[in-house]
Amino acid sequence: MESQDNFAYLLPFIFLTFGLVFLAVARLGDRSAPAWGFGYIAAALGFATPMLLGFLPPRGQAVLANAFFFTAFYLYGEALLLRFHRPRLRKLRMALWALGMVTVVYFILAAGSLRGELLASDFFCVLLLAVPLAAAVRYPRRAIDLLLFAMVFLVFVETLIRFGATALAASDTDFDRFLASDYAFAMQVGASILGFLMALTALAATVLDIIGGHQDAAHRDPLTNALNRRGFDRAIAELGEGAERGVVICSDVDHFKRVNDEYGHAAGDVVITILVELFRRQLPEGALIARFGGEEFVAFLPGMSLTEGGVHAEVICHAFANRRWETTGIRRTVTASFGVSVVTRNDRSVHDAISRADSCLYAAKDSGRNRVVIEGRQGPGKSATVHSISAA
């Protein structure tokens, strides 16, 4: 009995500590950490209700404890959906929370059945986890995400088993014996251990995300959030064999120094940001977009043909040339030039294709700017194919 009492005091403290740690980590910018934090705080309050609210009648304590546990499971599901960028399904999950509360209140206040209360509590906790698990099942990819999903699934399975064990009690007398048994205590300890392990896994996943985010920030241009040179090289290396086929687009804003001189560096920053947004909007998912210099950009389109890359470059060139700049304070047309090249088998790396695309870019500048020059299949002395884009 003493061990059970010690356990009853220790568990809320452990869960509260996890909740506060998650909230501290949330200040570093993780999306799911607040949900984990408030979820574990709610669970801690649920376990601590008899100690904190002992002055209330037992039925009042039971209602509040169930409200805290339903809230904890709701927030665990919220954290899972946030982590895997899935729809929040709030209406459905809040409806389950409300229906669960109505059901347990009925068993506590009207029916006076502890067995019915625990059945309803476990049943709706199962549903509150089942919905986000089903919504996120196809999205874990990394090892830590798979481990986290597995831990949440184990909590779901354990709650389902507990529901089944409660349901198998044939009568209230059998149920009272079950609650007093060592097996029931072992189930409670097991559930708490799983909750503890789920917290450790979620915390590890969150911290790894934050570390990865800081590493990612070191590989990105702070103005545009495009990759910098180091980030581009790293992304190319991660592609492996995927970098052996694809198209390179090099771009440079025409007369960019004139824009800075006439309208200020803030206006120049706007021009650069808008060009990058056009790249993001036009290029397919999986394209790597990098800022190599002040107004120089490189994009790599894995698996794409030279013709397809040229079409994308022309669309961006045309859209940029026809952009209205009045709202930014720039009272002139701003254009960009583009060079397009394809990675070949003879290239030692994608940088060979970048060098050729850069030569095409300079050919576009020499041909009058505001145009796309696509690398042609030419022999020595033959020029690249030139596509001019009107600035009108």
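Name the residues in the stretch 310-325 that are polar (S, T, N, Q) and part of a helix (DSSP H, G or I), would you?
From the stretch 310-325, those polar (S, T, N, Q) are 322; that's our starting set.
Selection gives nothing.
Would you check if there is a residue in the stretch 53-70 being assigned to a helix (DSSP H, G or I), under 23 Å from the mean Cα position of the chain (by Cα) and in the same structural domain as Ile14 (by TED's automatic domain parsing)? Even if it seems obvious, please write down each step before you answer.
Our first condition is that a residue be assigned to a helix (DSSP H, G or I); within the stretch 53-70, this holds for 58-70.
This time we only want the ones that are under 23 Å from the mean Cα position of the chain (by Cα), so: none.
Taking every residue of the stretch 53-70 in turn, none turns out to be assigned to a helix (DSSP H, G or I), under 23 Å from the mean Cα position of the chain (by Cα) and in the same structural domain as Ile14 (by TED's automatic domain parsing).
Could you list, in sequence order, the residues of the stretch 224-244 that are of a type in the set (Lys, Arg) and either touching a strand residue (DSSP E or B) at 6+ places or on another chain (Cβ under 7 Å) or within 25 Å of Ala266 (Cβ to Cβ) (or both)?
Hit for the stretch 224-244 is Arg229, nothing else.
So if I check each of Leu23, Leu81, Leu28, which one is surrounded by 21 or more Cβ atoms within 10 Å (Cβ to Cβ) and closer than 27 Å to Pro140 by Cβ?
Values: Leu23 fails: surrounded by 21 or more Cβ atoms within 10 Å (Cβ to Cβ); Leu28 fails: surrounded by 21 or more Cβ atoms within 10 Å (Cβ to Cβ).
Checking each option against the conditions leaves just Leu81.
Is it true that some residue in the stretch 269-276 is without any contact (Cβ under 8 Å) to a residue 60 or more places away in the chain and at positive phi?
Scanning the stretch 269-276, I find no residue that is without any contact (Cβ under 8 Å) to a residue 60 or more places away in the chain and at positive phi, so the answer is no.
Suppose we keep only residues that are crowded, with 17+ Cβ neighbours inside 10 Å and among the polar types (S, T, N, Q) within the stretch 242-280. Which one would you say is nearest to the chain's Cα centre (by Cα)?
Filtering the stretch 242-280 for residues that are crowded, with 17+ Cβ neighbours inside 10 Å and among the polar types (S, T, N, Q), the one nearest to the chain's Cα centre (by Cα) comes out as Ser251.
With the checklist (1) under 18 Å from Arg220 (Cα atoms); (2) not in a helix (DSSP H, G or I) in hand, flag the one item Leu275 doesn't pass.
The one condition Leu275 does not meet is (2).
Just checking, how many residues over the stretch 322-346 are at negative phi and either β-branched (Val, Ile, Thr) or over 35 Å from the mean Cα position of the chain (by Cα) (or both)?
Filtering the stretch 322-346 down to residues at negative phi leaves 322-328, 330-346.
This time we only want the ones that are either β-branched (Val, Ile, Thr) or over 35 Å from the mean Cα position of the chain (by Cα) (or both), so: 326-328, 330-335, 340, 342-346.
The total comes to 15.
Give the residues of the stretch 112-143 that are of a type in the set (Phe, Trp, Tyr) and farther than 15 Å from Gly164 by Cα, sorted by residue number. Even if it seems obvious, please write down each step before you answer.
Within the stretch 112-143, the first condition is being of a type in the set (Phe, Trp, Tyr), and the residues that meet it are 123-124, 139.
Of everything in the stretch 112-143, just one residue is of a type in the set (Phe, Trp, Tyr) and farther than 15 Å from Gly164 by Cα, namely Tyr139.
Conditions: (1) of a type outside the set (S, T, N, Q); (2) at pLDDT below 95; (3) part of a helix (DSSP H, G or I); (4) farther than 23 Å from Phe156 by Cα. Leu20 meets all but one. Number of the miss?
(2)
Can you tell me how many residues in the stretch 291-331 are in contact with a Phe, Trp or Tyr (Cβ under 8 Å, 6 or more places away or on another chain) and of a type in the set (Gly, Ala, Ser)?
Total satisfying the criteria: 4.
Restrict the check to the stretch 306-320 and report whether at least one residue is over 16 Å from Ser251 (Cα atoms), free of Cβ contacts under 8 Å to residues at least 60 places away in the same chain and touching a helix residue (DSSP H, G or I) at 6+ places or on another chain (Cβ under 7 Å).
Looking for residues that are over 16 Å from Ser251 (Cα atoms), free of Cβ contacts under 8 Å to residues at least 60 places away in the same chain and touching a helix residue (DSSP H, G or I) at 6+ places or on another chain (Cβ under 7 Å), one finds none in the stretch 306-320, hence no.
Restricting attention to helices (runs of 4 or more DSSP H) lying wholly within the stretch 175-271, give those where 2 or more residues are under 24 Å from Phe73 (Cβ atoms) and either at pLDDT 90 or above or touching a helix residue (DSSP H, G or I) at 6+ places or on another chain (Cβ under 8 Å) (or both). Steps first, answer last, please.
Working: elements: 182-217, 229-239, 256-263.
Those helices (runs of 4 or more DSSP H) span 182-217.
The values are calculated or read from the model by the stated rules, or taken from the named source; none is laboratory data. Here the structure is a predicted model, which is why all the values come from computation and not from measurement. Neighbour counts are summed over all protein chains in view; Cβ atoms, including those assigned to glycine, are modelled from backbone coordinates with ideal geometry.
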